[in-house]
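These notes are about the structure you will find just below.
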Amino acid sequence: MKRHSIGKRFRKLKGLRKADPNAIIPETPKQLQDYIETLTAQGVYINKVKYAIFQTKNGLKYPGLIASEKILSNETLVSVPKDLLLTTRHAFESPLKQMFLDHPQYFSNQFYPSWEDHQLMAFILYEYQRGPESEWHLLISNLPRDIDYLVFWSHEEQDLLDDEPLVKLARKQYKEFLIEFETLKCITDKYPQLFKPETVTLENARWVYTHLVTRCFGKYLAYVTMVPFCELFNHECTDVFYDFEYNADNPHKSEESEQAQVKELKEDEELSVTSSEGSYNSEDEISDSEYVIETYEQYKEFNFDDFSEQSTKKFNEEFSKILDNIQQQNEEQEQINQVLDNQQDEELQNKKMKDLQEQQIKMKKDFNIKLNLQREVFLLSRDCKTFIFQNIDYGDNYSIFFIGQMFAKLDKSIQEYINGGKAYFMAREEVKRIQLTCNTYKNNLYAFQKDIMKKPIYQTNYFQQKRSKSQNSTLDNGEQILSQPLDPECEYYKPVWEKDKFDRFVMKAASKDQFEKGAQVYFCYGRLSNRMMLMRYGMSLEYNKYDHAHLRIEYLKYIQSNEAIWLVHKYQLSKYKRFKLKHSTFPIDLIVFCKSIYWTFNVHSLDTFFKIQDLKLERRALQLALEILIEEIQKFQDKLEDNEKLLYDNTLGYHEYFAVIYRLERQRIYHHNINLIKICIVVIDRMLDGIPFEQATEKTQFDFEYCETNRIILKKYFEQMRYALYLPK
């Protein structure tokens, strides 16, 4: 089935690792050729790759590396001695060291997470002004000035992305860059002996900063690192990766560092893009939260202290009335006794008084017992809510619907008991059953997150952490940054900056990776969505297996429980539930969200929440998910077909071209997920009509020519459907 995977399909569509008939191998520019010759003389090994010019669908030219011969699996493409790597250590141990020591507010990790970029930017600008005298002259002079990334696009170009949260983030980061430049300029102006007046300019800072963001390595290295020549590799979803080699006498050498055997693969052994060998995960977390900050008056949480106070007050008032009546009766009886002077009646009256006193004591005792029992049930209910609060994230994509029903059930049990509609033991047992239900839900939720969604389990209230994190304030200018107080006892820099332990930095083809002669040779920068590629590299990929579309749903309109709505307002949760729609997976979390809207306590089983056990409930969830996606895709300004045509428009520039790809790929993901959901609806309808599972899951009209690929994606979901057939009705 691997040959039908989404990665294999995309690789064929793009012709990855195949010869590119449109590639041009020109004469290498002199400056670059001098650089390559110098690097070769210094021990750099370049194997089977050379400079070439490639082009986009609309004819835009861009440089890269081409395979001059067939590249076999495990082959080393580039090998660079570690002494040629430019790292933060070189920056710190330079003539700029005292400047760094004087300003830890900008150059130390104690203050700034991007401290390494700050040191390197200052150092590269310093070396740049030295010209040929600098040992890094060829590396720096070969950094092109005509590249940028999304942060530096014009507002008009950013708006072409049709992604408001992404544009908002890009503009925020541009403002942060300006603050960082202002701070650097403020610092370097104090050192005229180090920096010429024309060196630290906005244009130069932007040029260097762009290369620090787009061309540096750092994931598995001790420091942020610039690697000579390797910046020529462009990114694609292949499996070329970087590694480290050790000399035989290196004490840090290990068995894992031994070079794998170079070999040629047969066609059916070629690696699917599903592999991640040598590449690394990259998170795509763009905070676009808007929070519910209004008050909600339609529901008020039950307050037992208020209830106790009111009940006691009411009891005392009624008790006083009874005492007044008794007192009046006693006075009347005394008058009668005085008239009749009847000793027997006086004894009878004394007995009545005694009985009355005992009755009063009993009334107070009964009231206190009842109030204590009510308090006990309330405390059990409160403990249950506390358990929910401590173990379930109110802010996840599903739990608010469940929690709302549990809170409503708890409040109803208390009210029924207090109002006399339910006995004490029944109320108590019901609260205990609800807590058991909540515990089962928690276990099911954790299992779903871990096994299905592959997400970590947060033992604390993560939604609160996320809320507080988003509200952290930032410093607005260089003066504020540099005026932060220093602790004379604190060591802002580590005393020893160790050298890299390996001997050579190498770029390698993966164990099941090979390129035809004439193919563009890519390096996998990481598992990056188009969103992250725009933010880091200013580009987007067509048919990017790792891309995803961000779906935001305003969920409050789906909540039926006043208790749940009140919780959203009380804790100021986000206005949206967020989902990532992908090429490679079925949107099961979206389906669970839709199912949670229809799920009803004591009507549907708890297992149904995260598993398929009720086909009719599942179909309702699929139908709602389909309606949501169709509504979202209608918000795009251009149709998918129009964007596909735009890719061949030779009037588009680079930014416009990548913006078209970004919009187009989001549309393709939406259409793909819509088709997957339609397929599932057809299959469930067939099963509800009594068609056997094997026949029900056969090709549908929404599979088109990708039935095998779709069945790989839907395999686990269909297995749950099969399981539902054998459950007792």
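The values are calculated or read from the model by the stated rules, or taken from the named source; none is laboratory data. Model, not experiment: these values are computed from the prediction. Neighbour counts are summed over all protein chains in view; Cβ atoms, including those assigned to glycine, are modelled from backbone coordinates with ideal geometry. SASA here: full protein model, heavy atoms, side chains in, ligands and nucleic acids out. Shrake-Rupley method; radii C 1.70, N 1.55, O 1.52, S 1.80 Å.
Computed on the chain, with alpha-carbon pairs under 8 angstrom and 6+ residues apart, the relative contact order is 24 percent. For the residues Arg17, Arg130, Arg686, Arg433, a 1.4 Å probe over the protein chains yields an accessible-area ranking, largest first, of Arg433, Arg130, Arg686, Arg17. For Met426, the accessible surface of its heavy atoms amounts to roughly 90 Å² (probe 1.4 Å, protein chains only, rounded to the nearest 10). Here the average projected area of the convex hull drawn through the C-alpha atoms of the chain stands at 47.2 nm². Solvent-accessible area assigned to carbon and sulfur over the range 33-108 amounts to 49 percent, based on a 1.4 Å probe. Taking the helices alone, the chain has a mean residue ellipticity at 222 nm of -16000 deg cm²/dmol, built from -39,500 (n - 2.57) per DSSP H run of at least 4 residues and averaged over all its residues. Farthest towards the positive end of the charge dipole of the range 21-82, among the residues Val80, Asn58, Thr40, is the Cα of Asn58, using unit charges on the Cβ of Lys, Arg, Asp and Glu. Simple point charges give the picture: +1 on the Cβ of Lys and Arg, -1 on the Cβ of Asp and Glu, and for the chain a dipole about the Cα centre of about 2020 debye.
Taking the Cα atoms of the range 3-49, the ratio Rg/Rh between the radius of gyration and the Kirkwood radius comes to 1.21. Placing +1 on each Lys and Arg Cβ and -1 on each Asp and Glu Cβ, with no other charges, gives the range 6-135 a dipole about its Cα centre of roughly 1300 debye. Site pair Arg552 and Lys678 shows an inter-label distance of 2.8 nm when each label is modelled 7 Å from Cα along Cα→Cβ. Here the 3J(HN,Hα) profile of the range 484-493, calculated from phi with Karplus coefficients 6.51, -1.76 and 1.60 at θ = phi - 60°, is 5, x, 10, 9, x, 8, 8, 8, 7, 10 Hz, Gly and Pro shown as x.
In this simple spin-label model, placing a label point 7 Å from the Cα along the Cα-to-Cβ direction at both Asp638 and Lys370 gives a separation of 7.4 nm. One chain, two ends: Lys715 and Met363. Fully extended at 0.36 nm per residue, the span grows by 120.0 nm beyond their Cα-Cα distance. The trypsin sites (Lys or Arg not before Pro) found in the range 33-95 that occupy coil by DSSP, while having at most 16 further C-beta atoms within 10 Å, are Lys70. Taking the range 588-626 and a reference point 7 angstrom along Cα→Cβ of Lys455, the backbone N atoms nearer than 11 Å belong to 589-590, 593.
Straight-distance candidates among the lysines for linking to Lys422, with alpha-carbon spacing under 26 Å and chain neighbours fewer than 8 residues away dropped: Lys300, Lys313, Lys314, Lys362, Lys364, Lys365, Lys370, Lys385, Lys409, Lys412, Lys432. Between Ser114 and any residue 5 or more places off or on another chain, the built amide H atoms are never under 5 Å apart.
Label reach from Glu416 (point 7 Å along Cα→C-beta): in the range 537-563, no amide nitrogen lies under 17 Å. The dipole here belongs to the range 82-193: it is taken about the Cα centre, uses +1 on the Cβ of Lys and Arg and -1 on the Cβ of Asp and Glu, and is about 480 debye. Backbone amide hydrogens, once placed in the peptide plane, bring Leu77 within less than 5 Å of Met507, Lys508, Ala509, excluding anything fewer than 5 places away on its chain. Sorting the segments 180-186, 675-681 by their mean number of nearby beta carbons within 10 angstrom, highest to lowest, gives 675-681, 180-186.
In the chain, a dipole from Cβ-located charges (positive for Lys and Arg, negative for Asp and Glu) runs towards its positive end, and of Asn22, Asn142, Thr201 it is Asn22 whose Cα lies farthest in that direction. Scanning residues 5 or more positions from Leu86 or on other chains, those with amide H under 5 Å from its amide H are Met226, with H placed 1.01 Å from N in the peptide plane.
Solvent-accessible surface of protein heavy atoms, probed at 1.4 angstrom with all chains present, puts Cys216, Cys524 in the order Cys216, Cys524, largest first. Were the residues from Asp306 through Asn22 laid out at 0.36 nm apart, the gain over their Cα-Cα distance would be 94.3 nm. As a length-normalised measure over Cα pairs under 8 Å and 6 or more apart, the relative contact order of the range 559-660 settles at 19 percent. FRET efficiency for the Thr440 to Tyr723 pair, using the beta carbon distance and R₀ = 22 Å, is estimated at 0.75. Distance between the pseudo-spin-label points of Gln55 and Lys432 (7 Å out from Cα toward the beta carbon): 7.9 nm. With 5 Å bins beginning at zero, the pair-distance distribution over Cα atoms of the range 80-177 amounts to 2, 11, 16, 17, 15, 16, 12, 7, 3, 0 %. For GluC sites (Glu not before Pro), the sites in the range 93-131 that DSSP calls loop and that have at most 16 other Cβ atoms within 10 Å are Glu93.
Of the GluC sites (Glu not before Pro) found in the range 1-76, the ones in coil according to DSSP and having at most 12 other Cβ atoms within 10 Å of their Cβ are Glu27. Given the range 577-676, report the % of alpha carbon pairs whose separation exceeds 19 Å. The answer is 52 percent, as a whole percent. Full extension of the segment from Glu297 to Asn247, taken as 0.36 nm per residue of separation minus the current Cα-Cα distance, would add 10.8 nm.
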